[in-house]
Amino acid sequence: MPLWKVYHPEHAFSIEDKHAIAQRITGIYRDLPPFYVGVVFEAVAKSSYYIGGEPADDFVRISVDHIARQMKDDETKQRFLGAVTKLLTPYLSERGLRWEMHVDETPFSLWTIGGVRPPLPGTDDEIRWRSENRPSPTSA
């Protein structure tokens, strides 16, 4: 699962923006079942967001947890970050918002969905989960 947490000023995004951003983020993960991808938008009041010790109403912080897949080489990581920058630029930089992000990667073995271990990548079960866009009993 990738879980994106987007901490942003209260005025930064409309409901339509959030929907479009979440759809674009989900689209990055073409090899995963779409229901694996979660995006949480957390509006932060100016009085509660400080950068460098000063109130900030123009800053977005994004934290991404990757569990379903890990990026093994630098080329893949740079390609991913480039795709994210392209995806987010119209919603952030082009609107005058400063931003930063990071990605944490958790071992696949420390993940469950509803208490069930997800199928391994590329297996028939995972392919079925992707096509059905929901978890279902695994064959093993």
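Could you go through the stretch 124-139 and let me know if any residue there is surrounded by 13 or more Cβ atoms within 10 Å (Cβ to Cβ), part of a loop (DSSP other than H, G, I, E, B) and modelled with pLDDT under 95.
Checking the stretch 124-139: at least one residue is surrounded by 13 or more Cβ atoms within 10 Å (Cβ to Cβ), part of a loop (DSSP other than H, G, I, E, B) and modelled with pLDDT under 95.
Filtering the stretch 95-123 down to residues that are closer than 15 Å to residue 8 by Cβ and free of Cβ contacts under 8 Å to residues at least 60 places away in the same chain, which residue is surrounded by the most Cβ atoms within 10 Å (Cβ to Cβ)? Don't jump to the end; show me each part of the working.
Taking the stretch 95-123 and keeping what is closer than 15 Å to residue 8 by Cβ, we get 95-101.
Subsequent filtering for residues that are free of Cβ contacts under 8 Å to residues at least 60 places away in the same chain retains 96, 98-101.
Details: 96: 7, 98: 12, 99: 19, 100: 10, 101: 17.
Selected residue: 99.
Let me confirm something: among 75, 10, which residue is surrounded by 12 or more Cβ atoms within 10 Å (Cβ to Cβ), over 11 Å from the mean Cα position of the chain (by Cα), charged (D, E, K, R) and over 22 Å from residue 132 (Cα atoms)?
Going through 75, 10 in turn, just one is surrounded by 12 or more Cβ atoms within 10 Å (Cβ to Cβ), over 11 Å from the mean Cα position of the chain (by Cα), charged (D, E, K, R) and over 22 Å from residue 132 (Cα atoms): 10.
Would you mind stating whether residue 89 is surrounded by fewer than 14 Cβ atoms within 10 Å (Cβ to Cβ), hydroxyl-bearing (Ser, Thr, Tyr) and closer than 30 Å to residue 110 by Cβ?
On the way: surrounded by fewer than 14 Cβ atoms within 10 Å (Cβ to Cβ): yes; hydroxyl-bearing (Ser, Thr, Tyr): yes; closer than 30 Å to residue 110 by Cβ: no.
Against the criterion (surrounded by fewer than 14 Cβ atoms within 10 Å (Cβ to Cβ), hydroxyl-bearing (Ser, Thr, Tyr) and closer than 30 Å to residue 110 by Cβ), residue 89 does not qualify.
Would you pick out the residues in the stretch 109-140 that are more than 14 Å from residue 67 (Cα to Cα) and either in contact with a Gly (Cβ under 8 Å, 6 or more places away or on another chain) or of a type in the set (S, T, N, Q) (or both)?
First, the residues of the stretch 109-140 that are more than 14 Å from residue 67 (Cα to Cα): 114-116, 122-140.
Scanning the stretch 109-140 gives 123, 131, 133, 135, 136, 138, 139.
In the stretch 13-28, what residues are touching a residue at least 40 places away in the same chain (Cβ under 8 Å) and surrounded by 17 or more Cβ atoms within 10 Å (Cβ to Cβ)?
13, 21, 24, 25
The values are calculated or read from the model by the stated rules, or taken from the named source; none is laboratory data. Just so it is clear, the model here is predicted, and its values are computed rather than measured. Neighbour counts are summed over all protein chains in view; Cβ atoms, including those assigned to glycine, are modelled from backbone coordinates with ideal geometry.
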